[in-house]
Amino acid sequence: MEITDLQAVLLSSPMPAPVELPFHGGKRTVFKRDALFVKATTDNGLVGYGPGAASEEMARLINGDLREILLGRGVGDPAGFVAEARDILGNQALAAIGAVEIALYDLWGRAEGCSVTDFLGGRKQDTVRCYGSAGMYQTAEEYAAEAAAVCEGGYEAYKYRPALGPEEDVRTVQLMREALGPEVGICMDAHAWWRMGDLSYGAETTEGVALAVSDLGVTWLEEPLPVEDRESYAALRAKRIVPIAAGEHEHDGEGFHQLIEGGCVDFAQADVSHHGGFSGIAEILRICEREQVAFAFHNWGTALETVTDALVGACFPRATAAWLEYPEYAHRDPRVMYPYPLSDELVPDAPKPVNGELPLPDGPGLGVKVDERMIDKYPYLPGPWSIFELESPPTKLALSGDHALPWAGDGQVDELPTRSR
């Protein structure tokens, strides 16, 4: 059985109208969410799929260099493909190689009639524990109400993105604790704290907020400092104020070695789409297992990525693979965040959490089916998916899957086409 085609497909799920999200010293506007999946096909028509980071450069790399490397290979040797592709393209192509690798494992599992977990060491968990994730830039009262709504699903923890200024960030956690009761954990994704221009929090302010919420059941404080500042991460973690999480901005295994072995985090974070597919995540999980650091999946893609993360996570004990991020969107519950219907419609048979635990699919390969009708329903819309606008200094930053670049303010973003559902 020979692989005869490889294709990366980009999709866009536009907001019904631009979603404006004010934060301390600025505003973020979300126009759409992009998605990418990889499809590998054999000469007898068997197909395997994998999720990937949604960017034009990723699609070009997969449809170009990686397609050339892959075509003509037999089914059943994802590791051989990964080794050859890394040797030719290097670590800068790690995410793209990982996306193709997942599709090859899916293909192999379907050919053999077994789950990909059989190739990844076997399942150590029957279900994967999820934390409900939403909370994108809103008032303290709205955060608290959303936390309560999300955790009606039985989640043991809720993640949100604080960015209201130090005093309001503390008050938000206080209100959420009142709304959630004493048992549900609170995960603070503080990536905005060092991205607010002149109003960004310094190390002293960050530590002060951490101290103020330290008795309020914070599961972790995520990326509270610039991601490259390992010395400050290690110093903050050493004070044992609240658990520290980071990792989504690392690019390869060496970065995770430094982060984990350097004592920077209590929770390491990564996902299959950005960190090298199954083999990349397994490498990170093995580092965590050896260093006795917990791992919590960062997972902000479609249900295809969620399932794929869950399958590799289930091949490690819960003491290591401790948490899986499960995004909650407004197309399921209007009380939360913004809508992203493509996330579910792309993989309609993907399992959903039950009392905060995600069941694993039992079918061959990834155990789920990709609905290719979504290619026509959600055609790709070029351009940034969101922009940040800062008050001081006045700045616009356009975000796409490829980069974050200063925006000239020529109106193109505001005119991004939208489609109603």
Listed residues Y105, Y158, Y131; which is hydroxyl-bearing (S, T, Y), buried (at least 17 other Cβ atoms within 10 Å of the Cβ) and assigned to a helix (DSSP H, G or I)? Y105
Report yes if C187 is in the same structural domain as E250 (by TED's automatic domain parsing), touching a helix residue (DSSP H, G or I) at 6+ places or on another chain (Cβ under 7 Å) and either closer than 23 Å to P359 by Cβ or surrounded by 19 or more Cβ atoms within 10 Å (Cβ to Cβ) (or both), otherwise no. no
Can you tell me which residue is surrounded by the fewest Cβ atoms within 10 Å (Cβ to Cβ) among those in region 217-260 that are part of a loop (DSSP other than H, G, I, E, B) and either touching a residue at least 60 places away in the same chain (Cβ under 8 Å) or touching a strand residue (DSSP E or B) at 6+ places or on another chain (Cβ under 7 Å) (or both)? H251
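Matching residues to (1) free of Cβ contacts under 8 Å to residues at least 12 places away in the same chain; (2) of a type in the set (S, T, Y); (3) surrounded by fewer than 21 Cβ atoms within 10 Å (Cβ to Cβ):
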site: M1; (1), (2), (3): no, no, yes
site: T29; (1), (2), (3): no, yes, yes
site: T42; (1), (2), (3): no, yes, yes
site: P51; (1), (2), (3): no, no, no
site: A59; (1), (2), (3): no, no, no
site: I62; (1), (2), (3): no, no, no
site: R73; (1), (2), (3): no, no, yes
site: V100; (1), (2), (3): no, no, no
Of a type in the set (K, R) and either part of a helix (DSSP H, G or I) or surrounded by 24 or more Cβ atoms within 10 Å (Cβ to Cβ) (or both), is that true of R171? yes
Would you confirm, using the coordinates I've provided, whether P348 is more than 27 Å from G122 (Cα to Cα) and surrounded by fewer than 22 Cβ atoms within 10 Å (Cβ to Cβ)? no
Taking A95, is it outside the structural domain of F295 (by TED's automatic domain parsing) and either surrounded by fewer than 20 Cβ atoms within 10 Å (Cβ to Cβ) or out of contact with any Asp or Glu (no Cβ under 8 Å at 6 or more places or on another chain) (or both)? yes
What about R177, is it assigned by TED's automatic domain parsing to the domain that holds E223, buried (at least 18 other Cβ atoms within 10 Å of the Cβ) and over 15 Å from E223 (Cα atoms)? yes
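Out of G367, G363, G280, G301, which single residue is modelled with pLDDT of 95 or more, assigned to a loop (DSSP other than H, G, I, E, B) and crowded, with 16+ Cβ neighbours inside 10 Å?
Sole residue among the options that is modelled with pLDDT of 95 or more, assigned to a loop (DSSP other than H, G, I, E, B) and crowded, with 16+ Cβ neighbours inside 10 Å: G367.
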Pairs please, first residue from region 313-332 and touching a residue at least 40 places away in the same chain (Cβ under 8 Å), second anywhere and among the aliphatic types (A, V, I, L, M) and in a loop (DSSP other than H, G, I, E, B), Cβ atoms under 7 Å, 6+ apart in sequence or on different chains. A314/L360; C315/L120; E328/V336; E328/M337; Y329/V336; Y329/M337
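The values are calculated or read from the model by the stated rules, or taken from the named source; none is laboratory data. Everything numeric here is computed off the predicted structure, so don't read it as measured data. Cβ atoms come from the backbone with ideal geometry, glycine included; neighbour counts cover every protein chain shown.
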